[in-house]
Amino acid sequence: MNRYLVPICASLGAIGFVLTIWMIFNSTPTQVDYQTDEGHVFLSGSSLFFNQKIFYYHVPHAFMLFAAVATSGIASILFLTKRVQKWDDIALATAEVAAVFGAVVLVTGSIWAKVAWDRWWIWEKRLTMSLLLWLTLIGYVLVRRFAGASADRLASGMAVFAMITLPFIYFMVGADDSHPQAGPDGNVATQDPRMRPTFYLSVLTFLLWFVALAAARIRGVRMEREVRELRERGLDAGVLA
Amino acid sequence: MTVIGQALRVAGKDLRIELRSREILYTMAFFGALLAVVDAFVFPANAKLARAAAPGMLWVAIAFAGTIGLGRAFDRERENDTMRALLLTPVPRLAVFLGKAAAMTVLVLSVSLVCVPLLSLLLDVPLVEHPPLALALLLGAIGFSVTGSVFSAALLKVRSRDVLLPVILYPLLIPLFVAGTSATAALLEIPRNDDKLWYWIGFLGIYDLAFLVVSVWIFESMVIE
């Protein structure tokens, strides 16, 4: 992996971070609200007002959560079938990053829900799935930390199981999906064209941030593993006490 | 001998060991009974509330007692390193796995045999009068044992296996417990809600099938000595 990747992505992300904050408060409309009418969600009214601005953080983080989880899942399957350590490093690093992004999604979502629905949490489809996904990620990270030598196999098995659990969680939650979502008219949350530049820049910023974090973590995980392997070889050869 | 025959031999071996000491059976069943009693104390003795809470109590008792049983059942294979011997026997790994899961299913079912009458007695909820509950419990026990056996076997050599088992297992099993609880709740509705009941029993069946297929595939790559 190119050694400039992390600094470049991180600094571009930092610039984007400052820029998006400025744009969120200066170039996006404030009077946005969700109303439901016969199953369709559209924008109008003003009760969300300023609080809607958390959208520019919440949604990009959710995108990155899914990107990270998908990367981790695919890497886990590749590790189980090919047994190449590289895939396991990627699976672990992206799962850790996914856990961080997932925490941000849940916290920002909860703040938004308090304003939009007057409750911190409801057991709605999308929320339940995100929460259980996040819990599985935390379990995954715990296994990697505390399961010792067989942690890689155990964790990749867990990732595969988690993937087949997801559709069951979807059908398990009977309640309607009242979460604001993309509809036939495009993403409902960006229907106002004035929101789009800020939103897209925000997604790009967090994508860069995600790539920087994941690349740095993958390198860290690989180094940890190499040190461990060297130490084992040293012990085997009798060089280390 | 077919794989099924071999699996039955493995299950028979496990159950024979268990029947000689009855250690897991007694401790699991007693723990399940204790949970039922604790539930009866901590929840208000209100007939309506009890009816709403009883399905949840039943499945929580099964989950907790089942986890204890799983840990103990696989500890037994670890103590004398018999898991290695078992994996070295000239039968497919599939048979070993299926046998282990089948024996575990029997143990989990025996816990529910204690919990169901006790809960329905202590909380005055008519759980015993509904035969479809047995089907839901059987499917629940199969799903729990299949997934639990894979991870218990993989955790065998791990030092902190006792805490890691529920950490891994519960997020994956939440759909199973929700389906079981919902099916039981459908039974307790007045009048009985058959549509809901069979939806959740079907859900349990598909869940078991999917997890069984993946477990069979994963077991070999996860449990290597």
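List of remarks:
Residue-wise test of (1) acidic (Asp, Glu); (2) within 15 Å of the chain's Cα centre (by Cα); (3) away from chain B (no Cβ under 14 Å).
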| site | (1), (2), (3) |
| --- | --- |
| A:94 | no, yes, yes |
| A:103 | no, yes, yes |
| A:117 | no, no, yes |
| A:151 | no, no, no |
| A:158 | no, no, no |
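- Residue match in segment B:180-196 (condition: within 18 Å of the chain's Cα centre (by Cα), within 10 Å of another protein chain (Cβ to nearest Cβ), over 19 Å from residue B:76 (Cβ atoms) and touching a residue at least 12 places away in the same chain (Cβ under 8 Å)): yes
- Just one of the listed residues (B:145, B:149) is under 12 Å from the mean Cα position of the chain (by Cα), crowded, with 20+ Cβ neighbours inside 10 Å, away from every other protein chain (no Cβ under 14 Å) and within 18 Å of residue B:222 (Cβ to Cβ), namely B:145.
- Yes/no for residue A:207 being open to solvent by 60 Å² or more (accessible area, probe 1.4 Å), assigned to a helix (DSSP H, G or I), more than 14 Å from chain B (Cβ to nearest Cβ) and modelled with pLDDT of 85 or more: yes
- Considering residues of segment A:108-124 that are on the phi < 0 side of the Ramachandran plot and part of a loop (DSSP other than H, G, I, E, B) only, the residue modelled with the lowest pLDDT: A:117
- The residues on offer are A:105, A:97, A:141, and the sole one that is β-branched (Val, Ile, Thr), open to solvent by 10 Å² or more (accessible area, probe 1.4 Å), touching a Phe, Trp or Tyr at 6+ places or on another chain (Cβ under 9 Å) and assigned to a helix (DSSP H, G or I) is A:105.
- Test: residue in segment A:29-46 that is surrounded by fewer than 19 Cβ atoms within 10 Å (Cβ to Cβ) and either closer than 22 Å to residue A:205 by Cβ or modelled with pLDDT of 70 or more (or both): yes
- Looking across segment B:154-163, the residues that are surrounded by fewer than 24 Cβ atoms within 10 Å (Cβ to Cβ) and either small (Gly, Ala, Ser) or in a helix (DSSP H, G or I) (or both) come down to B:160, B:161, B:162, B:163.
- For segment B:189-204, the set of residues classified as part of a helix (DSSP H, G or I) and open to solvent by 70 Å² or more (accessible area, probe 1.4 Å) consists of B:195, B:198, B:199, listed by residue number.
- Of the residues B:133, B:139, the single one that is closer than 16 Å to residue B:197 by Cβ and more than 14 Å from chain A (Cβ to nearest Cβ) is B:133.
- Any hit, segment B:211-221, residues being touching a Phe, Trp or Tyr at 6+ places or on another chain (Cβ under 6 Å), assigned to a helix (DSSP H, G or I) and under 22 Å from residue A:134 (Cβ atoms): no
- Residue within segment A:60-74 that is within 14 Å of chain B (Cβ to nearest Cβ) and open to solvent by 20 Å² or more (accessible area, probe 1.4 Å) present: yes
- For residue A:162, the criteria (1) crowded, with 16+ Cβ neighbours inside 10 Å; (2) more than 8 Å from chain B (Cβ to nearest Cβ) hold in every case but one, which is (2).
- For segment A:125-134, the condition of being in a helix (DSSP H, G or I), at the interface with another protein chain (Cβ under 8 Å from one of its Cβ atoms) and crowded, with 17+ Cβ neighbours inside 10 Å holds for at least one residue.
- With respect to the stated conditions, residue B:120 fails to be buried (at least 23 other Cβ atoms within 10 Å of the Cβ), more than 22 Å from residue B:158 (Cα to Cα) and among the polar types (S, T, N, Q).
- Within the option set B:126, B:117, being at pLDDT below 95 and not in a helix (DSSP H, G or I) holds for one residue only, B:126.
- Members of segment B:205-220 found to be buried (at least 17 other Cβ atoms within 10 Å of the Cβ) and over 15 Å from residue B:140 (Cβ atoms), listed by number: B:214, B:215, B:218, B:219
- Residue among B:190, B:174, B:168, B:142 that is at pLDDT 95 or above and among the β-branched types (Val, Ile, Thr): B:142
- Picking from residues in segment B:62-100 that are touching a residue at least 60 places away in the same chain (Cβ under 8 Å) and under 13 Å from the mean Cα position of the chain (by Cα), the one that is farthest from residue B:163 (Cα to Cα) is B:100.
- Among (1) facing chain A (nearest Cβ under 10 Å); (2) surrounded by 23 or more Cβ atoms within 10 Å (Cβ to Cβ); (3) in contact with a Ser or Thr (Cβ under 6 Å, 6 or more places away or on another chain) - the single one residue B:166 does not satisfy: (2)
The values are calculated or read from the model by the stated rules, or taken from the named source; none is laboratory data. Quick caveat: nothing in here was measured; it's all calculated off a predicted structure. Don't worry about glycine lacking a Cβ; one is built from the backbone with ideal geometry, like all the others, and counts go over all protein chains shown. The accessibility values were calculated without ligands, DNA or RNA, using every heavy atom of the protein model including side chains. Shrake-Rupley method; radii C 1.70, N 1.55, O 1.52, S 1.80 Å.
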